[in-house]
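The values are calculated or read from the model by the stated rules, or taken from the named source; none is laboratory data. All of these numbers come straight from a predicted model, not from anything done at the bench. So basically every Cβ, Gly included, is an ideal-geometry build from the backbone, and we count neighbours across all protein chains shown.
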Ligand code: PRP
């Protein structure tokens, strides 16, 4: 057992489950976008980098990838945080079929914020895919393609971190409570 594994309570989503579900999602997205020139995929850094890579690899339709970085003060604590744009897209998205690729919907603030700013840029269409969504109250947001619903616990792996650790695990696990509170 590695040091990292000793801090995990249980595996919530195995690598196999994740890969199988992502193939299904990619097939659904490929079918839904049939006939469009290309999809403009927007990965939300840092968390979405793994989901973005795996999803894009399985798409059977033209697509380009771009990334955006946002941050929120107080998200992990008081939940009062405003979302701030740290890094914008490289290109304008006017007339593009934009697909926001998010790792997790927690409070929903990030997705809500991105919808607000992107819809003002006149994309041809705007949809969202999220790898996981927590079972908890959140701002009403529309997630067009959702990978998994997970319990409202601290999760890590597959892009999700705790203080920048655990991010590159190929599975999703719940962190032991004592790790979060220490
Ligand atoms: C996390 C995650 C989502 C966001 C979701 O980002 O990657 O983007 O929070 O939370 P919300 O629904 O409450 O807005 P974080 O700020 O931890 O940055 P990171 O992806 O760089 O770790």
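A few notes on this one:
- Within the range 1-26, if we keep just the residues that are more than 18 Å from the chain's Cα centre (by Cα) and exposed (fewer than 14 other Cβ atoms within 10 Å of the Cβ), the residue that is farthest from the ligand (Cβ to nearest atom) turns out to be 1.
- Which listed residue is under 13 Å from the mean Cα position of the chain (by Cα), buried (at least 17 other Cβ atoms within 10 Å of the Cβ) and touching a residue at least 24 places away in the same chain (Cβ under 8 Å), from 100, 93: 100
- Among the residues of the range 156-182, those that are over 18 Å from residue 2 (Cβ atoms), surrounded by fewer than 22 Cβ atoms within 10 Å (Cβ to Cβ) and touching a strand residue (DSSP E or B) at 6+ places or on another chain (Cβ under 9 Å) comprise 177, 180.
- Checking each residue in the range 143-174 for being part of a loop (DSSP other than H, G, I, E, B) and away from the ligand (no atom under 13 Å from the Cβ) picks out 144, 151, 153, 169, 170, 171.
- Here the range 5-20 is the region considered, the condition is being in a helix (DSSP H, G or I) and farther than 11 Å from residue 158 by Cβ, and the residue that is modelled with the lowest pLDDT is 5.
- Residue count for the range 118-134 satisfying the condition of being away from the ligand (no atom under 13 Å from the Cβ) and over 20 Å from residue 59 (Cα atoms): 6.
- The lone exception for residue 115 - which of (1) farther than 28 Å from residue 11 by Cβ; (2) more than 10 Å from the ligand (Cβ to nearest atom); (3) part of a loop (DSSP other than H, G, I, E, B) it fails: (3)
- Scanning the range 71-104 for residues that are modelled with pLDDT of 95 or more and near the ligand (Cβ under 8 Å from one of its atoms) yields 102, 103, 104.
- Residues in the range 41-60 that are near the ligand (Cβ under 9 Å from one of its atoms) and either in contact with a helix residue (DSSP H, G or I) (Cβ under 9 Å, 6 or more places away or on another chain) or not in a helix (DSSP H, G or I) (or both): 44, 45, 46, 47, 48.
- For the range 118-141, the set of residues classified as in a loop (DSSP other than H, G, I, E, B) and either buried (at least 18 other Cβ atoms within 10 Å of the Cβ) or in contact (Cβ under 8 Å) with a residue 24 or more places away in the chain (or both) consists of 121, 122, 123, 124, 136, 138, 139, 140, 141, listed by residue number.
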